[in-house]
1. Among the residues of region B:90-100, write down those that are part of a helix (DSSP H, G or I), within 12 Å of chain A (Cβ to nearest Cβ) and either surrounded by fewer than 19 Cβ atoms within 10 Å (Cβ to Cβ) or in contact (Cβ under 8 Å) with a residue 60 or more places away in the chain (or both).
2. Can you tell me how many residues within region B:179-204 are surrounded by 14 or more Cβ atoms within 10 Å (Cβ to Cβ), assigned to a helix (DSSP H, G or I) and touching a residue at least 24 places away in the same chain (Cβ under 8 Å)?
3. Output yes when any residue across region A:251-264 is in a strand (DSSP E or B), touching a strand residue (DSSP E or B) at 6+ places or on another chain (Cβ under 9 Å) and within 30 Å of residue A:10 (Cβ to Cβ), and no when none is.
4. Before we move on, is residue A:199 assigned by TED's automatic domain parsing to the domain that holds residue A:20, over 15 Å from residue A:283 (Cβ atoms) and assigned to a strand (DSSP E or B)?
5. Yes or no: region B:105-116 includes at least one residue that is farther than 30 Å from residue A:69 by Cβ and crowded, with 19+ Cβ neighbours inside 10 Å.
6. Taking region A:187-196 on its own, how many of its residues are assigned to a strand (DSSP E or B) and at pLDDT below 90?
7. Out of region B:223-234, which residues are free of Cβ contacts under 8 Å to residues at least 40 places away in the same chain and in contact with a helix residue (DSSP H, G or I) (Cβ under 8 Å, 6 or more places away or on another chain)?
8. Out of A:96, A:116, A:196, which single residue is more than 14 Å from the chain's Cα centre (by Cα), surrounded by 16 or more Cβ atoms within 10 Å (Cβ to Cβ) and over 30 Å from residue B:100 (Cα atoms)?
């Protein structure tokens, strides 16, 4: 269990983390989301005492700096390639293990586990980003800790690697461990995370389960399909709904599915489909953090906008 | 503390640079003793030859071993920042004081062992060539040998402090080479110009020059044309070098505790 209270960090005139408080429960994967520059990495560094700021983080009731052999309690992966280029991967882990009374045998075990057993005596300067991430995970798992803090662990991994990482983290969570993981891959986070901490410009936007986040930050839509569906549009709009045509279907926002069904029945319109379209985590994320991105790129400019037969508002 | 020492010992032993820096340091200093032996094998040996042979030419301004060991001192912390390993290090050993103490103990112990080994190797060369080492355990040669060991240790301490202070390798290397070789020599040279005689009182506080005086055989005699520098005694000069090392180390340590990793 991680309990973060009042985390605060200021760099001169910029508040990077603004009094963040949240809990990360064991047994589930908790995703940590936020736009670039929102303070995710700084928050993780504050939690581990790498950065100085205000507030307190407790790992199963203990501050990180007071844990005698912390790798046995908390495993961390914060940077993609924090290795000396000419020290072998195995020796890098042996060094960290030596400071936490972890046997060399365990070093070989975790190297095998992350799939680097064949290259463990090679120097990390020759590792790809994906291999470096695997070594980082091996480092985090070295002490078989109950808590894992991972900053963008899927960066640089190929699709197989991402799938593997997801399975590993879900399995570790199922063993009752506390998993706190940040990622920019929202589709991946949707599959991996059970709970979310979402921040923007260092402040808390949301802390809770994924379904609630999506529900809270998106409008659910109702899909209506049928030979006479277009004729229902005016009726729906008169009830305050926003209606968009998508081929032979209508996508209705602002009305519950039951109400749409009732209106169709009352109007005598034959329907072949009446369903709810659930928004994605990405849509919810964009909606929740739209105003809090620190580095916002310009929209691409197209030379000529093609006519769009679909998605036209009625 | 034992965990931190174990970590630091493994860190030092798993770096290739540790071996080649020590190896080159020993090779060069042994080379000095061998060169002396080849050149002077037919001449009778005296305390001055033993002195130069044992300190590997550090006595006349070329402290080879001290420089190579100081680079190991710089790497102790400089490498951590240069390669970003300070993050895994501090998530493995979050108690910063304990980490620095462990680094100091390991680097200084290694330096002491290597320095004593270098002196033993060079003494072996002296015995092989001349069969004796006159005045080795007598003053001033014996005292200057103790001074040599202290000089190397303090030189390494300065390197360690600079690596931690600058949180990198290049800046620390520049300072540790530039200061004794250029800045101090320049101040000393300029102080002999009458128009710049206000620099004369500064000379006795030049830290690396003072440090080198710990291993001198006799007090320097600059001749009647030179100003009176009113130099400190051997151990007082050593105290200036030690104070300089302590100042660098304290500043670096305080900042290390205060700064983000």
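1. Once the filter is applied, which keeps residues that are part of a helix (DSSP H, G or I), within 12 Å of chain A (Cβ to nearest Cβ) and either surrounded by fewer than 19 Cβ atoms within 10 Å (Cβ to Cβ) or in contact (Cβ under 8 Å) with a residue 60 or more places away in the chain (or both), region B:90-100 yields B:90, B:92, B:96, B:97, B:98, B:99.
2. Final tally of qualifying residues: 6.
3. Checked region A:251-264: no residue is in a strand (DSSP E or B), touching a strand residue (DSSP E or B) at 6+ places or on another chain (Cβ under 9 Å) and within 30 Å of residue A:10 (Cβ to Cβ).
4. Criteria met by residue A:199.
5. yes
6. Final tally of qualifying residues: 0.
7. Residues satisfying the conditions are B:227, B:228, B:229, B:230, B:231, B:232.
8. That would be A:116, the only listed residue that is more than 14 Å from the chain's Cα centre (by Cα), surrounded by 16 or more Cβ atoms within 10 Å (Cβ to Cβ) and over 30 Å from residue B:100 (Cα atoms).
The values are calculated or read from the model by the stated rules, or taken from the named source; none is laboratory data. Quick caveat, the model's predicted, so the values are computed rather than measured. Cβ sites come from the backbone with ideal geometry, for glycine too, and all protein chains shown count toward neighbours.
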